[in-house]
Amino acid sequence: MLILTPDEIRKEENSANENGLPYEEMMENAGMGCAKHIYNNYPDSKSIVIICGKGKNGGDGFVIARGLFQAGKNVSVICAFNSPSDKLSQNNREKIEGEVEIYDGSTVTKSIISVINNADIIVDAVFGIGFKGVLPENIKKLFFCANSSEAVRIAVDIPSGLSFGNSDTGDCFRADETLSMLCYKKEHIYKPFSDMCGKTTVIPIGFSVQSKGIQAKTKTEIRDMLPCRPYDSNKGTFGKALIIAGSYKMPGAGIIAVKGCLSSGAGLTYFAFPDRIYSTVTAHLTECVFHPLSSDRNGGFSTDAFEEIKNSLDNFSAIAIGPGLGTDEGAQNLVKEIIKNYKGRLIIDADGINIISRNIDILKESQADILLTPHPGEMSRLTGKSIAEINSDRINTALTFAETCGASVLLKGANTVIATADGQVFINPTGSSALSRGGSGDLLTGIAVSFAAQGLCSSDAGILASYIHGLAGETAEKKHTAFSATTAKITDCISEALSIILSGK
């Protein structure tokens, strides 16, 4: 799915107009497309109320009213500002006068409240993209009545009152479904705004988008990314993943990553860890292949550890390195040598990132397909920016670094960003505050290396892993609450997340 900003959308519309598509035809396509969608998807609804604003969004609403009236529905229109200020909108209002009951909504009367309370469907066509400020009092009252009703609530473009960058959604229209013109908008994808949008459906308005834009994957697209599982497959079909992780102080990080990999379909999962934590590792894992390497006196990897593994690197379809590794000399040597010598798909996380942040140029020596998976603190070490700077512009931070270092970047956090070296940007639409706990990132790394081992390029593995990881978090929150959804419980929900994706529901 393509996500465009208001400025990018206006540019697209202006270009289409210059190429011969009149604005009035765009509005007609938009409104009639919405009307057709409502008629086809809610066939039993009889009474429909459309709340129209004074701009182009209101114009779309008037066209919807005309389309549904012509289809035999009982339609009422509430003009939130009495008269439209946009000429196209005024023209479309005039087309329904005398056929559709029109109310002046500048004052919310008992009759208006009654109309709303008796509606089967309420359509919000008040404000479109680019809304700023605070909703007028009469709009707040209209939306309070609408949000309190038992009607199906449908927003045109975005629920009115939503404004990207302003997380206060208290007074906005709360949609069960949003019909978005031309493409997706940030509000449809980014949390907490997406919670107000319900299901989002894109309505064509007569031309194709030329902009590159930001992207997000739908559930259907994610399902199509999943590797095929043929009936005559064997463990070799789905690749060999190697996870290099863990230390005496942090053995759990590697164990969590391995469990994420095992739960995501890799054919064989190998775990390389300092031999000093052998008893801890084997007490928690049974399904992977153990590859203990020599330890230093602190229980991390020794400086000889790479020599023990270098001759087998080409046997692995994908490698993940970093969780719980520590940053002592042995770990530093191991990370640097893996980067320089491995030529497959390589996921670098946690202490792996902390190590390369001291010498980022080492990435240019690699022939691997690399995915870096930093959280904002690690991204701060990579870029020298403050965490506040990074979180204020997550997309450009991730994209600029990816293009500079020649690797894909998965910037973790709410609305995870995946940026590729060739300039593509993806936003992950799933997630939950249940994921805000230690071990969550290690789990994500395990899922990512699993799909990389199964044949996906590192960036696609990151996109797929982020979606599944986020959906597992949402599922765990529903079952256990965000407070009690431990990383172990989220791991257990990976299978449910995959079932949801595969079912198409």
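The table below gives the values:
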read-out	value
Estimated inter-spin distance, residue 231 and residue 314, nm [label 7 Å along Cα→Cβ]	3.7
Between 0 and 90°, nearest 10: helix 56-70 axis offset from the chain longest Cα axis	70
Helix axis angle, 394-405 relative to the chain longest principal axis, alpha carbon, degrees	40
The chain, helix-only ellipticity at 222 nm - DSSP H runs n ≥ 4, -39,500 (n - 2.57), divided by all residues, nearest 500	-12500 deg cm²/dmol
Between 0 and 90°, nearest 10: helix 329-341 axis offset from the chain longest Cα axis	70
Pairwise label distance in nanometres, residue 400 with residue 298, each label 7 Å out on the Cα-Cβ vector	3.2
Estimated FRET transfer efficiency when R0 is 41 angstrom, pair residue 107-residue 223 (beta carbons, to 0.05)	0.25
Distance from the stretch 59-99 to the stretch 367-381 (C-alpha centre basis), Å	51
Residues in the stretch 204-234 that a label on residue 5 would reach, taking backbone N under 18 Å of a point 7 Å out along Cα→Cβ	210-216
Reduced Cα scattering model of the chain, Debye log10 I(q)/I(0), q = 0.06, 0.07, 0.11, 0.12 Å⁻¹	-0.34, -0.45, -0.90, -1.00
1.4 Å probe accessible area per residue over the stretch 300-402, in Å²	40
Computed P(r) (all Cα pairs; the stretch 30-183; 10 Å bins; percent)	12, 48, 35, 5, 0
Sparsely packed chymotrypsin sites (Phe, Trp or Tyr not before Pro) within the stretch 169-243, loop by DSSP, other Cβ within 10 Å at most 14	231
Accessible area per residue, Å², the stretch 35-96 with all protein chains present, probe 1.4 Å	41
Listed residue pairs exceeding 30 Å between alpha carbons, taken from 132/479; 73/217; 240/336; 212/259; 212/479	132/479; 73/217; 212/259; 212/479
Carbon plus sulfur fraction of accessible area for the chain, probe 1.4 Å, in percent	46
Of the trypsin sites (Lys or Arg not before Pro) in the stretch 263-367, those whose Cβ has at most 15 other Cβ within 10 Å and which sit in DSSP loop	297, 343, 358
Förster radius 25 Å - calculated FRET efficiency between residue 249 and residue 291, Cβ distance, rounded to 0.05	0.80
Two-site label geometry, residue 482 and residue 367: point separation in nm, points 7 Å out along Cα→Cβ	4.7
Gained length - residue 17 relative to residue 42, 0.36 nm times residue gap less alpha-carbon distance	5.7 nm
Loop GluC sites (Glu not before Pro), the stretch 51-140, which have at most 16 other Cβ atoms in a 10 Å radius of their Cβ (DSSP)	97, 99
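The values are calculated or read from the model by the stated rules, or taken from the named source; none is laboratory data. All values reported here derive from a predicted model rather than from experimental measurement. Neighbour counts run over all protein chains shown; Cβ positions are idealised from the backbone, glycine included. Heavy atoms of the whole protein, side chains included, go into the accessibility calculation; ligands, DNA and RNA do not. Shrake-Rupley method; radii C 1.70, N 1.55, O 1.52, S 1.80 Å.
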